[in-house]
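J.: Got a structure for you, written out below as structure tokens; questions coming shortly.
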């Protein structure tokens, strides 16, 4: 490998930070992009700022800069022999990175997803099908494994507010009236997730067979 681009979303920084230290020790050139909601949720910030590779790190803090969400044209260099991409974070974030990299011309064997979850973090189970109910109309929508609530609803003709579709910006949050969400965003705080009052429909799923939402 002649070079690497590391793209971390939220807690996904944990394995990529270890990789950054290893690349630094090997003398392999790399760039690390770290996407978070705000400064308080930016883990290891002081450690990274004091690291020997600090000059190779770019922080993308969404609450401070509206354009901080991942942008393949801006954040990825042109594909080159020996250049590999590594991404870790919420599924929506990694999907956005992977799709953006492919559109940029990267081949699949150069794109690597690192799957990491902190102990007790929601979303460790395999995805399953569930039903979303529009509280206002009673209309039911089947959400299969591998598809987001947002995509199912948009394809069905509903008008949703969407932005990053990576679980980072909070634009797609809607109220939960019944059911238990499986939170996979990095926008809400732990307390907000525990309350189960809102769900990020771009990336989160359901632990219960039915989820009644105020759409």
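A short reminder: the numbers here are calculations on the coordinates, not readings from a lab. None of these values were measured; they are calculated from a predicted model. Positions of Cβ are generated from backbone atoms using ideal geometry, with glycine treated the same way; all protein chains shown enter the neighbour counts.
J.: Treat the count of other C-beta atoms within 10 Å as a stand-in for reagent exposure and order 14, 98 from fewest to most.
T.: 14, 98
J.: Okay, moving on. Grab the Cα-Cα distance for residue 113 and residue 58, subtract it from 0.36 nm times how many residues apart they are, and report the gain in nm with one decimal.
T.: 17.9 nm
J.: So what is Rg over Rh here for the range 100-215, counting just Cα atoms and using Kirkwood for Rh?
T.: 0.99
J.: Neighbour counts of other C-beta atoms within 10 Å: give me 154, 133, 201 arranged from fewest to most.
T.: Starting with the residue having the fewest Cβ neighbours, the order is 154, 133, 201.
J.: Is it possible to state the helix-based mean residue ellipticity at 222 nm for the chain, with each DSSP H run of 4+ residues giving -39500 (n - 2.57), the sum divided by total residues, to the nearest 500 deg cm²/dmol? What is it?
T.: Roughly -6500 deg cm²/dmol at 222 nm, from the helical runs in the chain.
J.: Moving to a separate point now. Take residue 156 and residue 191, extend 7 Å from each Cα along the Cα→Cβ direction, and tell me the distance between the two endpoints in nm.
T.: The answer from the label model is 3.3 nm.
J.: Work out the FRET efficiency for residue 24 and residue 137 from their Cβ-Cβ distance, taking R0 = 45 Å, and round it to the nearest 0.05.
T.: 0.25
J.: Against the longest alpha carbon principal axis of the chain, how many degrees, from 0 to 90 and to the nearest 10, is the axis of helix 91-104 turned?
T.: 60 degrees
J.: Please report the relative contact order for the range 68-215, taking Cα pairs under 8 Å with a sequence separation of at least 6, and give it as a percent rounded to a whole number.
T.: Dividing the mean separation by the residue count of the range 68-215 yields 25 percent.
J.: Treat the count of other C-beta atoms within 10 Å as a stand-in for reagent exposure and order 44, 53 from fewest to most.
T.: Least to most surrounded, the residues fall as 44, 53.
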